[in-house]
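**Q** Below are the structure tokens for one structure; questions will follow.
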Amino acid sequence: MSTIRPAVIATGSKVPEKIRTNDDPIFGYLKSHGGSKLFTGYKERRVLGPEEFVEDIMVEASTRALASANLDVGDIDLVLGYASVGRWEAPNQLTHAVKNLGIRTSVPVIPVNNEFAVFTAGLTMASLFVESGRAKNALICVGTNWTRYVDYETQPAISAGDGAAAAVVANSSDPARFVVKDHMVNYYPEYLGGMYMAADEVTPPDDPPSYRSPTFHLNDLGIAGFKDAGANGPVDMTRKIVANNGLELSEITFIGHQASQVLNDHWKSSLGLREDQFMTTIARYANMTSASVGVNFDRCYDNITTDHVVIMALGLDIAVHVVLLERVLIGD
């Protein structure tokens, strides 16, 4: 008899229709000033149009996940997720997506502002809610619109792409559905303050002060964190979670935060992963920040041939989150 346990029963994703290539004039300043050596690997990225909002693609991603799960919005009894960056400081635009989806007003909606680890944290939290009986069908919904919140005279701007991802977690007896097997995190507080999103004060200052729109900042401390914690932390944490669960690296598929091909190449080489074990859409979708791992889990799902998946999220705090998913393929 199959065991009933909380599982990811469906996924969904949505990226905007508008494509921005590396030749777009918006990158003119950066290209004329030497380009970027740290942020590489992109051919295209998707960008929200002037009349589009991040909640629009979050709704579409969620609708696709619900359809795949054969559920209606009325079946959802918990929502976890986040929209980054919101038009307001609070409430988060996740609430807009929930409203536009038509989720029942009695359903708890929990914004999870966990840097770029929203999707991984959502999988773990949803599994715990379902396992405890406090939820039956939990929806995870993550969206990003960072193309509107980067300075196009700085290197990281070339990496920004918009996207949204969703997943449904519910009890299932299907052994081919992925379950959360383990979850680990490690913080690197020595680099805190090196990467952050903030609104700068207008210059010259007003009285009282006024501020510009929030913008992503990367300083020398952040670059050091990128090269140290960003490069080596995911390798160390992946090795640890794999070993702690009695596995070999050859038995996993790796889906990671896709800030740069520089990091991708380092992780893949250091872990000794085959091409078919390393799932990325960096050339096509670039860095979708908090939505990257969720979009890739959905878009690459049919290409996963292993029983175990490590999803790695690398955030601004600076922290490395790894979630180990497990299933039993039909015929194993």
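The values are calculated or read from the model by the stated rules, or taken from the named source; none is laboratory data. From a predicted model like this one, the values you see are computed outputs, not experimental measurements. Here the Cβ is made from the backbone with ideal geometry for all residues, glycine too, and neighbour counts use every protein chain on show.
**Q** Would you check if there is a residue in the stretch 145-161 being in contact with a Gly (Cβ under 6 Å, 6 or more places away or on another chain) and of a type outside the set (Lys, Arg)?
**A** no
**Q** Quick one: which residue in Ala165, Ala176, Ala126 is in a loop (DSSP other than H, G, I, E, B) and among the hydrophobic types (A, V, I, L, M, F, W, C)?
**A** Ala176
**Q** Looking only at residues in the stretch 28-60 that are among the hydrophobic types (A, V, I, L, M, F, W, C) and in a helix (DSSP H, G or I), which one is farthest from Phe119 (Cα to Cα)?
**A** Residue satisfying both the conditions and the ranking: Leu30.
**Q** Further question on the same structure: Inspect all residues belonging to the stretch 14-35 and state whether any of them is farther than 21 Å from Tyr149 by Cβ, acidic (Asp, Glu) and out of contact with any helix residue (DSSP H, G or I) (no Cβ under 6 Å at 6 or more places or on another chain).
**A** Yes: the stretch 14-35 contains one or more residues that are farther than 21 Å from Tyr149 by Cβ, acidic (Asp, Glu) and out of contact with any helix residue (DSSP H, G or I) (no Cβ under 6 Å at 6 or more places or on another chain).
**Q** Considering only the stretch 156-176, how many residues are crowded, with 24+ Cβ neighbours inside 10 Å and among the polar types (S, T, N, Q)?
**A** 1
**Q** Could you please find all residues in the stretch 110-162 being at positive phi and at pLDDT 95 or above?
**A** Across the stretch 110-162, the qualifying residue is only Gly133.
**Q** So in the stretch 229-254, with the set limited to residues that are surrounded by fewer than 18 Cβ atoms within 10 Å (Cβ to Cβ) and among the polar types (S, T, N, Q), which one is nearest to Phe278 (Cα to Cα)?
**A** Ranking the qualifying residues of the stretch 229-254, first place goes to Ser250.
**Q** Now for a separate question. In contact with a helix residue (DSSP H, G or I) (Cβ under 7 Å, 6 or more places away or on another chain), acidic (Asp, Glu) and farther than 23 Å from Asp220 by Cα: is that true of Asp182 in this structure? Quick ask: steps written out before the conclusion?
**A** Working: in contact with a helix residue (DSSP H, G or I) (Cβ under 7 Å, 6 or more places away or on another chain): yes; acidic (Asp, Glu): yes; farther than 23 Å from Asp220 by Cα: yes.
Judged against the criteria, Asp182 is a match.
**Q** Give me the residue from the stretch 47-106 that is among the polar types (S, T, N, Q) and farther than 26 Å from Ser132 by Cα and, out of that set, farthest from the chain's Cα centre (by Cα).
**A** Asn100
**Q** Report whether or not Thr305 is surrounded by fewer than 18 Cβ atoms within 10 Å (Cβ to Cβ) and among the β-branched types (Val, Ile, Thr).
**A** On the way: surrounded by fewer than 18 Cβ atoms within 10 Å (Cβ to Cβ): yes; among the β-branched types (Val, Ile, Thr): yes.
Yes.
**Q** Look at the stretch 251-268 and say how many of its residues are assigned to a helix (DSSP H, G or I) and either over 20 Å from His308 (Cβ atoms) or in contact (Cβ under 8 Å) with a residue 24 or more places away in the chain (or both).
**A** Summing the residues that are assigned to a helix (DSSP H, G or I) and either over 20 Å from His308 (Cβ atoms) or in contact (Cβ under 8 Å) with a residue 24 or more places away in the chain (or both) in the stretch 251-268 gives 8.
**Q** For the stretch 269-292, name all the residues that are under 28 Å from Gly86 (Cα atoms) and in a strand (DSSP E or B).
**A** Answer for the stretch 269-292, where residues must be under 28 Å from Gly86 (Cα atoms) and in a strand (DSSP E or B): just Asn287.
This table checks each residue for (1) in contact with an Asp or Glu (Cβ under 9 Å, 6 or more places away or on another chain); (2) in contact (Cβ under 8 Å) with a residue 60 or more places away in the chain; (3) crowded, with 16+ Cβ neighbours inside 10 Å; (4) not assigned by TED's automatic domain parsing to the domain that holds Val168.
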| site | (1), (2), (3), (4) |
| --- | --- |
| Trp88 | no, no, no, no |
| Asn92 | no, no, yes, no |
| Lys99 | yes, no, no, no |
| Ser106 | yes, no, no, no |
| Val112 | no, no, yes, no |
| Val118 | no, yes, yes, no |
| Met125 | no, no, yes, no |
| Gly133 | no, no, no, no |
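**Q** Step by step: first the residues of the stretch 31-85, then only those that are of a type in the set (S, T, N, Q) and within 19 Å of Val293 (Cβ to Cβ), then the one that is surrounded by the most Cβ atoms within 10 Å (Cβ to Cβ). Which residue is that?
**A** Top of the filtered list is Ser62.
**Q** For the structure I just gave you, tell me whether Gly272 is of a type in the set (Gly, Ala, Ser), more than 18 Å from Ile9 (Cα to Cα) and surrounded by fewer than 22 Cβ atoms within 10 Å (Cβ to Cβ).
**A** When the stated conditions are applied, Gly272 passes them.
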